[in-house]
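Novice: Shown below is the structure under consideration.
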Amino acid sequence: MARGDFNSWNKKALDDLWVDDDDSASDSAPSMQGLSIKEKDDVLVVGIDFGTTFSGVAYATASEFVNGNISLITEWPGCGTEEGKCPTELFYEYGATSWGYAIPRDADPIRWFKLLLLKTEDLKEDVQSSEFFLLAKEKVRSEGLQPINLVADYLRLLWAHTLETIEKSRGAQFLPALRLHIVITVPAIWKGYARQSMEEAAQKAGLLAPREIGKTRLSFVLEPEAAAMATLADPDHQSLVEADNVWLILDAGGGTVDLISYKIVSEKPIMMEEAVEGTGALCGGVLIDNAFQGLCRTRLGRRWALLSANGIKEILLDKCEKYYKRQFIPKNDETEEYTVPIPAEAFVSTGLDDTSQLPHIKKGRIHFRE
């Protein structure tokens, strides 16, 4: 991200999310806006965290925000439990589009398409050569799809579910009475053209469709800035808000990791400025997933080819994503084992045990060590 881009908006108060703007449906080019509550309580702000691997939505009116009553969507189509986020995945079949948890377990969905908004020269070599990225790129090419249209399709489905959820929760008369301000998070390292593509995708998705109450406003906020503001605005963290304090924000996401420092220049309202120029890279969780899949594939050898799409998903999502990545704590103990259950279909032509090499496979489980 260019230095000038950040300095054009980094010194915004927490009160900037609700700034009135009747002249434009979206911020120019698109501009980066900070956070404001200067407007009357006739605006609903909807925050969309569009991630490489998972996406989430939260919403609140001005008065709700002040009182800390922010609603988070936790119910998703195809998901039987409450989850704060939904997989950023799409599946096209027979003219229909499935998304998130509603994608059939045995399907091979399109993933990581957020990364495809970036030009190849702006991607690190390890990202360009990662299996996940190459698969996403090839799938998009083979099906004649465009990255911006994929993002638009996902946002369209996410937005429809958001409106349905809000109406179900607040009643049919709630939304028509409020103007909308949509705020989408973007990585700090993204260049202007990528944000422009996000704005175009949002328009294609219908997020800015005309409404009788007035124009919908669209703005963007950097992911680490949003994380900092959300943390400092939390009533439980008010004791941490002191002028001249410097906060170091590490935002480790699915695709990008951003490291930025902010200095608090005002407590009421909260205002921050960049303390030291930030940095970031495309080295997020998808690269961990890629490496984990490589370890399993290498150890299983020919058995890996026997795994169905559902079997691979079981290893990567049910085991790696939901358990191992969240529970792993390096202990520098070579005897510490981490067992990874492998679906039985991988062993139809062999036994469940293979101790001929490390890591050992016992009873259909790979026993990895640090």
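Bear in mind that the values in this text are calculations on the coordinates, not laboratory data. If you're wondering where the values come from, they're calculated on a predicted model, not measured in any experiment. As a convention, Cβ positions derive from the backbone with ideal geometry for all residues, glycine included, and neighbour counts pool all protein chains shown.
Novice: Report the antiparallel proportion of the DSSP beta bridges in the chain as a percent, rounded to a multiple of 5.
Specialist: 75 percent
Novice: If you don't mind, there's one more thing I want to ask. Taking a threshold of 31 Å on the Cα-Cα distance, which of the pairs K139/K319; K137/K263; K139/K322; K191/K215 fall above it?
Specialist: Result: K137/K263 exceed 31 Å.
Novice: Okay, next question. I need K363, K319, K114 ordered by Cβ neighbour count within 10 Å, fewest first.
Specialist: Lowest count first: K363, K319, K114.
Novice: May I pose another question? Label the range 299-369 by shape, choosing from rounded, prolate and oblate, from the square roots a ≥ b ≥ c of the eigenvalues of the Cα gyration tensor; if a/c is under 1.5 it is rounded, and otherwise prolate applies when a/b is larger than b/c, oblate when it is not.
Specialist: In terms of gyration-tensor shape, oblate.
Novice: A further question on this structure: Could you work out the helix-only [θ] at 222 nm for the chain, with each DSSP H run of four or more residues adding -39,500 (n - 2.57) and the total divided by the number of residues, to the nearest 500 deg cm²/dmol?
Specialist: One gets -7500 deg cm²/dmol as the mean residue ellipticity at 222 nm.
Novice: Could you pull out every residue, at least 5 positions away or on a different chain, whose amide H is within less than 5 Å of the one on L222? Hs are placed 1.01 Å off N in the peptide plane, and Pro or chain starts have none.
Specialist: Long-range HN contacts for L222: V186.
Novice: Taking the 0 to 90 degree range and rounding to the nearest ten, how far is the long axis of helix 223-233 tilted relative to the main principal axis of the chain, both from C-alpha atoms?
Specialist: Once rounded, the angle reads 60 degrees.
Novice: Let me ask something else. When a/c reaches 1.5 or more, the comparison of a/b and b/c decides; with that in mind, is the chain rounded, prolate or oblate per its Cα gyration tensor?
Specialist: It comes out prolate by the Cα gyration axes.
Novice: Same structure again: What aspartates and glutamates sit close enough to K268 to cross-link, taking a C-alpha to C-alpha distance under 19 Å and skipping anything fewer than 8 places away on the same chain?
Specialist: K268 reaches D15, D16, E39, E64, E225, D234, D236, E242, D244.
Novice: So, in Å, what gap is there between the alpha-carbon centers of the range 99-136 and the range 325-345?
Specialist: Using only Cα atoms to place each centre, the spacing works out to 25 Å.
Novice: Another question, then. For the range 348-370 and the range 50-97, compute the distance between their C-alpha centroids and round to whole Å.
Specialist: So the two Cα centres are separated by 38 Å.
Novice: With 10 angstrom as the radius, rank T53, T350 by how many other C-beta atoms surround their C-beta, starting from the fewest.
Specialist: T350, T53
Novice: Turning to a different aspect of this structure: Counting other beta carbons within 10 Å of each Cβ, put D258, D106, D126, D49 in order, fewest first.
Specialist: So the residues, fewest neighbours to most, are D106, D126, D49, D258.
Novice: Now a separate question. Could you state the angle between the C-alpha long axis of helix 147-170 and the longest principal axis of the C-alpha atoms of the chain, as a value from 0 to 90 degrees rounded to the nearest 10?
Specialist: Approximately 70 degrees, to the nearest ten.
Novice: A further question on this structure: Give me the angle, in degrees from 0 to 90, between the Cα long axis of helix 131-142 and the longest principal axis of the Cα atoms of the chain, rounded to the nearest 10.
Specialist: 80 degrees
Novice: Given a cut-off of under 8 Å on Cα pairs at least six residues apart, what relative contact order in percent is computed for the range 261-370?
Specialist: Contact order relative to length: 20 percent.
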